[in-house]
Amino acid sequence: MREMKVIGVGAGNPDHVTIQAVKALNQVDVFFVLDKGEVKQQLVDVRSEILREHAGEREYRVVFGQDPERDRRSDAYVESVDDWRRRRADVCADLIAAELQDGQVGAFLVWGDPSLYDSTLAILDDILARGELTFEIEVIPGISSVSALAARHRIGLNQVGRPVQITTGRRLAKSWPDQVDDVVVMLDAQTAFTEHTDQKADIYWGAYLGTPDEMLIAGPLAEVAEEIVERRAEARRRKGWIMDTYLMRRVPTELPKDL
């Protein structure tokens with residue numbers, strides 16, 4: 001039986017790799033990497049650095065597949081993501097079938113944590129559902145960009161007795177979540193926080209967390225929103241890509257009655 005490990009490797013710093021992940025890395029025969037092209041070569045380079053530092057001098061192979069392009073202009077967002085995942089599953093299934101022998105261990109190194117807005121587990125489930133390949137799956141949790149953001153700003157994610165919600169920029173652009181004062185936002189390509197500068201809220205923003213290019217800005221949303229927009233745009237022009245997340249926090253509309 002083949003085995004696939006889905007290993008969370010943190011937000012970009014090789015020191016984010018946990019001891020559990022290091023042990024898992026040293027059990028792998030074949031590492032699978034989806035190449036996102038020259039613009040995002042740094043994402044591949046970080047994975048290579050993690051392997052050099054933590055996978056030891058044992059023999060293993062690194063196999064690359066071409067990550068299919070995703071239609072980001074479609075109004076049918078869910079359908080376009082489903083289509084993209086299916087095409088990714090096609091690539092991964094071919095790689096696993098060709099490169100991973102019975103009794104061997106393969107792995108995908110997942111940026112951040114596999115549990116949070118990552119498609120790897122869904123892709124592997126898709127491959128298994130097709131019935132052409134069989135393998136066991138083990139998931140190794142990692143340090144997410146959300147954890148890294150809170151640590152770098154030296155804050156907790158929630159206020160006393162209050163909930164916190166993790167959402168996307170697409171949903172935040174429509175409205176601030178009901179009955180939630182602390183909102184963590186990921187996958188925000190359109191700077192949706194600018195739609196809420198009328199709120200009495202603070203923002204804690206971070207980009208390229210855990211890497212030498214890390215950027216941090218915090219302050220009242222109405223005062224720092226423009227600075228974040230400008231620095232984000234400049235960084236994207238310079239590097240060709242950006243990965244960022246942020247927490248928006250407003251004063252609770254009503255204090256908890258029971259803690």
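Please treat every number below as a calculation from the coordinates, not as lab data. Because the structure is a prediction, the values reported are computed rather than measured. Don't worry about glycine lacking a Cβ; one is built from the backbone with ideal geometry, like all the others, and counts go over all protein chains shown.
Structure values in brief
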item	result
Amide H contacts of ALA201 (H built 1.01 Å from N, under 5 Å, at least 5 apart or other chain)	LEU221, ALA222
Values of log10 I(q)/I(0), in the order q = 0.08, 0.10, 0.14 Å⁻¹, for region 2-143 under a Debye, Cα-only, solvent-free model	-0.20, -0.32, -0.64
Added length on full extension, which subtracts the Cα-Cα distance from 0.36 nm per residue, GLU99 to ARG86	2.7 nm
For the chain: relative contact order, % (alpha-carbon pairs under 8 angstrom, 6 or more apart)	23 percent
Of GLY112, GLY169, GLY56, the one that fluctuates the most in a GNM where the chain has Cα springs shorter than 10 Å	GLY56
Segment ARG170-GLU59, length gained on full extension (0.36 nm per residue, minus Cα span)	35.6 nm
Mean Cβ count within 10 Å, highest first, over the residues of peptides 95-107, 58-70, 179-191	179-191, 95-107, 58-70
Positive dipole terminus of region 174-259, leading residue within PHE193, MET215, TRP176 (C-beta point charges)	MET215
Structure-based [θ]222 nm, the chain - -39500 (n - 2.57) summed over DSSP H runs of at least 4, per residue, nearest 500	-11000 deg cm²/dmol
SER119 paired with THR134, simple spin-label distance in nm, labels 7 Å along Cα-to-beta-carbon	2.8 nm
P(r) tail fraction, the chain - alpha-carbon pairs more than 27 Å apart, %	43 percent
Protection-proxy order for peptides 201-213, 154-166, each taking the mean of Cβ atoms within 10 Å per residue, highest first	201-213, 154-166
Calculated FRET value between LYS23 and ARG162, using beta carbons and R₀ = 51 Å, to 0.05	0.85
